[in-house]
1. Are any of the residues in segment 422-439 farther than 25 Å from P334 by Cβ and open to solvent by 80 Å² or more (accessible area, probe 1.4 Å)?
2. For segment 252-265, indicate whether the set of residues that are surrounded by 15 or more Cβ atoms within 10 Å (Cβ to Cβ), closer than 26 Å to E136 by Cβ and over 29 Å from the mean Cα position of the chain (by Cα) is non-empty.
3. Of all residues being within 16 Å of F358 (Cα to Cα) and touching a residue at least 60 places away in the same chain (Cβ under 8 Å) in segment 379-426, which is farthest from the chain's Cα centre (by Cα)? Just the residue, please.
4. Please determine, by comparing only the residues of segment 125-142 that are closer than 21 Å to V153 by Cβ and assigned to a loop (DSSP other than H, G, I, E, B), which one is most open to solvent (accessible area, probe 1.4 Å).
Amino acid sequence: MSKKKVQKFYLVKGFKDILPEDQPYWEFLRKKCFNVAKSYGYERIDLPILEDSKLFVKGVGNLTDVVSKEMFSFETLGKERVSLRPEGTAGAVRAYIEHGMMNRKKPVKLFYMGPMFRYDKPQAGRYRQFYQFGLEIFAGDEPIIDSQMIYMVYQFFDELKIPIIVKINSIGCPKCREKFLKVLKDYLKKNKSKLCKDCQLRYNKNVLRILDCKEKKCKEIIQESPQILDHLCEDCNKHFVKTLEYLEDSQINYELDPFVVRGLDYYNRTTFEVVPTEEFAGGEISAQGALAGGGRYDYLVKSLGGQNTPAIGVAFGMDRIVNALKKIKDLEIPSINSSDIFVAQLGDKARKKVLALFEKLRRAGFSVSESISKTSLGQQLEEANRLKTKLALIIGEKELLDKTILIRDMESGSQEVVPENKIESVLETRLKSLDINVKKTRIRN
Ligand code: HAM
């Protein structure tokens, strides 16, 4: 018989699986994200992964790397040109306009969480599918909103114990930026031939992006370049000074960085990026090290067909934050598989009973687990230990006959026999004494 070789399949380049062992980190981070969004009054919005390609061309900018080189775009069977979203802001703005959210109580605060796709060169911390937690505020251009957002971002990392610096800049409004771009072009003209290939193209098409280039030779040239902060118009300057003034008292670790021009075209005025401190990152901080980034985009809603609506937002790179969390030694990540109660059995008859007991307790809202396929009590209790269970319920021949259940405290080893029909109330009392509230999660039939 000829042996046919079976084809094996592997991950597509730049994509990754998030394995069960990493899930506690993700769950921990997701909870923190939901928590911060809720405390600051953001409402959840789930946006589609696929959008009309033109939304990104117009919203993010067709001259940006993200749109010109990194989109996963294709034509559907219905001949629509669509793209996997490379970021969430454009979709959030589309949804804001499409659902008439300008008529809601202001400010409208939205948050989203999910995968984004960029066909970028994969490397450490840079993936082709990555996850973002994003927050957007619509309506309001007061500098206090900028400061509060930056403050919130800082607190978020502080709570996670990730030491960071927030790099802040202002890229002005279209008026002052236009003037600055001329000054910048004049400065770069004499060195144009020394710039990298991409920057030579950027020189004519999107000169501001050169300030963001990570190539060593470009970095050297732009080091001495004119700075946009010296060319802000009066209003933009006032806005920036006020934003910083509010931050001044908050004791957050920020620094001004004239090179934070961001890789997306919709920004104006305040822009910021969060990087881990050099000490924490263990060496030079590269662009791949940015843990979050955002800024103001006062013109995007109008340019995508809505009303004039100043807005500001931020997105956190969740994969990079998880990588950072793994480096923190004294961080306690709760196990997600742990449960309060474990049901164990001895003998086949008891097993049937335990099967029903497990379901009854689960429906009553207890956090309960089992290992029904195992026969040895020792192995079952080992599993109970692994799951960090507080109480084990054991049913054997004797308990079957007496219609009782043995409760074993997994920490002290002490045991108590209770009548079967009292088990729920006894468990509730016992868990309450351990500060565990059962009723909150009770599943109603
Ligand atoms: P962004 O700076 O392009 O901004 O992305 C935000 C964060 O997503 C980055 O700081 C980084 O942590 C993470 N990230 C980006 N690309 C990758 C990648 N290839 N692999 C892993 N992580 C990545 C935005 O996307 C804007 N929409 C943020 C925003 C919201 N601005 C206003 N509102």
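1. Yes, because at least one residue in segment 422-439 is farther than 25 Å from P334 by Cβ and open to solvent by 80 Å² or more (accessible area, probe 1.4 Å).
2. Scanning segment 252-265, I find no residue that is surrounded by 15 or more Cβ atoms within 10 Å (Cβ to Cβ), closer than 26 Å to E136 by Cβ and over 29 Å from the mean Cα position of the chain (by Cα), so the answer is no.
3. Taking the candidates together, the pick is I423.
4. Result: E142.
The values are calculated or read from the model by the stated rules, or taken from the named source; none is laboratory data. Given the structure is predicted, the values throughout are model-derived calculations rather than measurements. Virtual Cβ from ideal backbone geometry, glycine too; neighbours counted across all protein chains shown. Only protein heavy atoms, including side chains, enter the accessible area calculation; ligands, DNA and RNA are left aside. Shrake-Rupley method; radii C 1.70, N 1.55, O 1.52, S 1.80 Å.
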